[in-house]
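Below is one structure; the comments refer to it alone.
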Amino acid sequence: MRSADLGRSGLRLRVACTSLLGCLAFLAVRAAQLAMIDPRGPELARKQNSGTLRLAAARGLIVDRSGAELAVTVSAPSVYAIRAAIADVEETARAIARALGSDTASVRKRLETKSPFIYVKRWIRPEQADAVLALELPGVGFIPEPRRAFPHRELAGPVLGFANIDGEGTRGIEQKEDSWLRGKAQLITVERDAHGQLLVSSGLDPRSAAGGDVALTLDATLQAEIDEALAEVIAVTGARRGTVVSLDPRNGDILALSELPSFDPNQFRTTPFPATRSRAFLDAMEPGSVLKPFVVAAALQHGAVSTHDAIDCEKGFFRIRGKTLRDRKPFGVVDVAGVLRVSSNIGAAKIGFAVGREAHFDTLRSFGFGSTTGSGFPEESAGLLRNWQKWREVDHATISYGQGIGVTTVQVAAAMAALANGGVWLQPRLVAARRVAGGSWEATPPSPRRRAVRT
């Protein structure tokens with residue numbers, strides 16, 4: 001019995017050896033075929049160890065009217081992982097989390113995605129990148145990516161906006177000029193070493209695909225001075241916020257646009273998105289007495305009053321259908337200039353009634369109210385100015401002194417500038433010049449203009 005058992009065991013061993021040798025022979029033949037006969041073999045090998053990587057291009061500079069840099073592009077390391085090269089996801093996640101100061105669960109979630117190439121964390125600090133590299137984790141490394149930086153932090157933050165983590169302009173000038181600033185993304189050839197690390201196998205020159213530069217009309221020094229002055233006023237008055245627009249009435253250039261509280265575009269990822277908007281362009285409000293000069297301009301334009309006419313504001317109240325208008329005190333009989341000097345609601349309403357609804361409406365439109373300024377600022381508000389045919393008597397009265405109408409701060413600034421410019425309205429301008437990377441500056445066209453009123 002023992003001899004028979006040994007015989008059967010030897011037979012099974014010979015069959016197993018023959019099968020193993022047959023498999024090895026098949027694999028050898030297949031390998032030879034792929035390497036020497038099938039042209040797909042070398043290509044398959046290259047695909048396993050090389051590929052292409054898309055990198056966002058460096059965005060162009062944003063500078064002020066004197067060339068001071070307001071937005072630049074710097075290099076920031078980003079940690080990546082090659083999923084196929086990671087043997088132990090849990091241990092790798094735990095090690096990366098310790099190096100980055102992150103929680104293991106979030107890192108593990110990133111590593112468990114199905115994508116072969118994974119950004120574990122983007123825009124980390126250089127010391128964090130060094131800590132990750134020191135771990136020598138298979139399939140884990142870092143690559144440099146362009147990151148937007150704002151040297152003056154909160155200075156003109158709402159006007160400048162920011163570029164998101166994918167290099168796309170978001171808010172403000174970054175969004176308005178995105179197609180000019182962005183440049184072209186680069187496709188670079190990379191190879192993987194035995195540990196799954198990426199090796200760049202072709203030259204990488206970020207400047208070759210960089211976006212164009214933009215020069216603004218803003219004066220950074222004036223902007224900083226106005227920011228400081230506005231902060232003092234807010235502190236003294238207890239106001240929640242404040243806005244100042246400095247606009248050159250001769251050409252429409254916005255020299256400074258201070259909005260406090262501001263925000264730091266460098267910290268856009270931790271700033272609530274609504275807090276990054278420019279209220280001067282996007283928020284419409286009732287302007288109040290600021291609008292009184294324009295009802296006077298309408299009346300003078302259409303000959304409804306003269307500068308010497310007397311306006312009776314003696315009682316301090318004025319009854320109209322549906323409302324009693326009141327001044328803060330009786331001002332007596334005043335001339336047209338006096339209505340503005342004492343800021344009489346009654347006087348403004350009487351001047352508005354004298355000029356008429358249609359003429360008043362047309363003049364407000366000519367000063368830019370009820371439509372965007374055309375500055376091109378993203379999501380700029382047109383404000384609210386109802387058609388004159390829908391004005392009741394009370395509507396006409398309140399609009400005369402700035403209630404029942406919505407305007408933006410920039411609309412008011414442009415309208416006031418028109419009064420200072422002999423009645424000629426100019427479109428507000430923020431971009432003074434542009435240049436291609438390595439080129440020379442080319443000035444933008446002058447601001448469009450139109451006559452709002454005669455002088």
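The values are calculated or read from the model by the stated rules, or taken from the named source; none is laboratory data. What you are looking at is a predicted structure, and each value in this text was computed from that prediction instead of being measured. As a convention, Cβ positions derive from the backbone with ideal geometry for all residues, glycine included, and neighbour counts pool all protein chains shown. Surface accessibility is based on the protein's heavy atoms, side chains included, excluding ligands, DNA and RNA. Shrake-Rupley method; radii C 1.70, N 1.55, O 1.52, S 1.80 Å.
Measuring between their Cα centroids, the range 54-85 and the range 379-455 lie 35 Å from each other. Check the straight Cα-Cα distances from Lys121 and name the lysines below 24 Å, setting aside those fewer than 8 residues away within the same chain. Once the sequence-local lysines are set aside, what remains near Lys121 is Lys109, Lys184. Packing, taken as the mean count of other beta carbons within 10 Å per residue, orders the peptides 292-300, 439-447 from highest to lowest as 292-300, 439-447. Annotation: amide H-H contacts under 5 Å for Gly242 (H modelled 1.01 Å from N, sequence separation of 5 or more, or interchain): Leu260.
Glu232 to Arg450: FRET efficiency via 1/(1 + (r/R0)^6), r the Cβ-Cβ distance, R0 56 Å, to the nearest 0.05? Please report the intermediate quantities before stating the final value.
Working: r = 37 Å, r/R0 = 0.66.
With R0 = 56 Å, the Cβ-Cβ based efficiency is 0.90.
Multiplying the residue separation of Gln403 and His308 by 0.36 nm and subtracting their alpha-carbon distance yields 31.5 nm.
Classify the range 224-367 as rounded, prolate or oblate from the Cα gyration tensor: take a ≥ b ≥ c as the square roots of its eigenvalues, call it rounded if a/c is under 1.5, otherwise prolate when a/b beats b/c and oblate if not. Judged from the Cα gyration tensor, the range 224-367 comes out prolate (a/c at least 1.5, a/b above b/c).
The stretch between Arg83 and Ser106 holds 6.7 nm of extra length on full extension. This uses 0.36 nm per residue minus the Cα-Cα distance. Placing Lys184, Lys121 in order of accessible area, with the largest value first and a 1.4 Å probe, yields Lys184, Lys121. Rolling a 1.4 Å probe over the protein chains gives Ser115 an accessible area of about 50 Å².
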